[in-house]
1. Is there any pair linking a residue in the stretch 7-28 that is without any contact (Cβ under 8 Å) to a residue 40 or more places away in the chain to one that is in a loop (DSSP other than H, G, I, E, B) and surrounded by fewer than 24 Cβ atoms within 10 Å (Cβ to Cβ), with Cβ under 9 Å and at least six apart or on different chains, and which?
2. Taking the stretch 235-266, which residues are of a type in the set (Lys, Arg) and assigned to a loop (DSSP other than H, G, I, E, B)?
3. For residues that are surrounded by 19 or more Cβ atoms within 10 Å (Cβ to Cβ) and touching a helix residue (DSSP H, G or I) at 6+ places or on another chain (Cβ under 6 Å), scanning just the stretch 133-147, find the one that is farthest from Ala171 (Cα to Cα).
4. Give me a count of the residues in the stretch 76-109 that are within 14 Å of Phe145 (Cα to Cα), in contact (Cβ under 8 Å) with a residue 12 or more places away in the chain and among the hydroxyl-bearing types (Ser, Thr, Tyr).
5. Does Lys71 satisfy being in a loop (DSSP other than H, G, I, E, B) and not aliphatic (A, V, I, L, M)?
6. Scan the stretch 110-132 for residues that are out of contact with any helix residue (DSSP H, G or I) (no Cβ under 7 Å at 6 or more places or on another chain), in contact (Cβ under 8 Å) with a residue 40 or more places away in the chain and either surrounded by 16 or more Cβ atoms within 10 Å (Cβ to Cβ) or of a type in the set (Ser, Thr, Tyr) (or both) and jot them down.
7. Pick from Ala226, Ala203, Ala240, Ala188: which is modelled with pLDDT of 85 or more, of a type outside the set (D, E, K, R) and within 18 Å of Val133 (Cα to Cα)?
8. For Arg67, work out the one condition from (1) of a type outside the set (Gly, Ala, Ser); (2) surrounded by 20 or more Cβ atoms within 10 Å (Cβ to Cβ); (3) without any contact (Cβ under 8 Å) to a residue 60 or more places away in the chain it doesn't fulfil.
Amino acid sequence: MATPLKYTSKLQNKNLLVLGGTSGVGFSVAEAALEHGANVTISGSNDLKLADALSRLGQAANPHSARIAGKTCDLSDTAGLEANLTSLLLFATADGTRKLDHVVFTAGDRLKIIPLPDASAPAVTDAFAIRFVAPLILAKLLPRFAHTDRAASSLTLTGGVTARRPQPGLAVLAGLGSAVEGLMRGLAVELKPMRVNIVSLGAVKTEIFTSLPADRLEELVQQYNARALVGGIGRPEDVAEAYVYCMKDAFATGTVLETDGGIMLT
């Protein structure tokens, strides 16, 4: 006889940390995990946004879920990055006594479009700080704070379709996206048997997406409306399902999971 709720209970009482969980895709991942009964810790860079997110998540929580918590963490401070991440991980694991089962990284600053003629070493280095350097240092710390000794645990990163299908003017972002995909594969080998995957997103209606320059935003929206097989841009609550899958499938690692509305086919 099948075990009751064998599939929907896979995240029940699991400990999850979502970096970037105060808004957008990260918030929806946290919300989905709470509905599955997980214990969730979120982080963001803004105290007010964190408090608001925790309040809203409290309304979505499974009544059987034991914990919802949050802590700010500055990922843009490269000099203090390791100390900031260590402080966050100590908080999320009760000083290392309650190890993490899953970690999801959706954090990102406002997208900086750097056309090739305007590229400079400092600007490119800054672009890599949160989206590449931060998850790398996070992974370095995970053996101390997460169950890296089991395939049931996971680290899920976030990428984008620009890595595989760059548009004119997006060479820097394409390089960043490709670097993060390469990092994911390297970490899958380094952290095994813990699983490491990346969710590659198309255009999703988040605060970061809508913060693009007005002309660029309008161009992207029109492009997706015309070319995406689903007929428009994505919603955070839809693409969050990809992250839930990465947490639940204990046989998936080193994988790029695409959720892009079919834009890669057009």
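1. Listed pairs, sorted by first residue: Thr8/His36; Thr8/Gly37; Ser9/Thr3; Ser9/His36; Ser9/Gly37.
2. Passing the criteria: only Arg235.
3. Phe145
4. 3
5. So Lys71 fails the test.
6. Ile130
7. Ala188
8. (2)
The values are calculated or read from the model by the stated rules, or taken from the named source; none is laboratory data. Remember, it's a predicted structure, so these values are computed and weren't measured experimentally. Quick reminder, even Gly has a Cβ in these numbers, built from the backbone with ideal geometry, and neighbours come from all protein chains shown.
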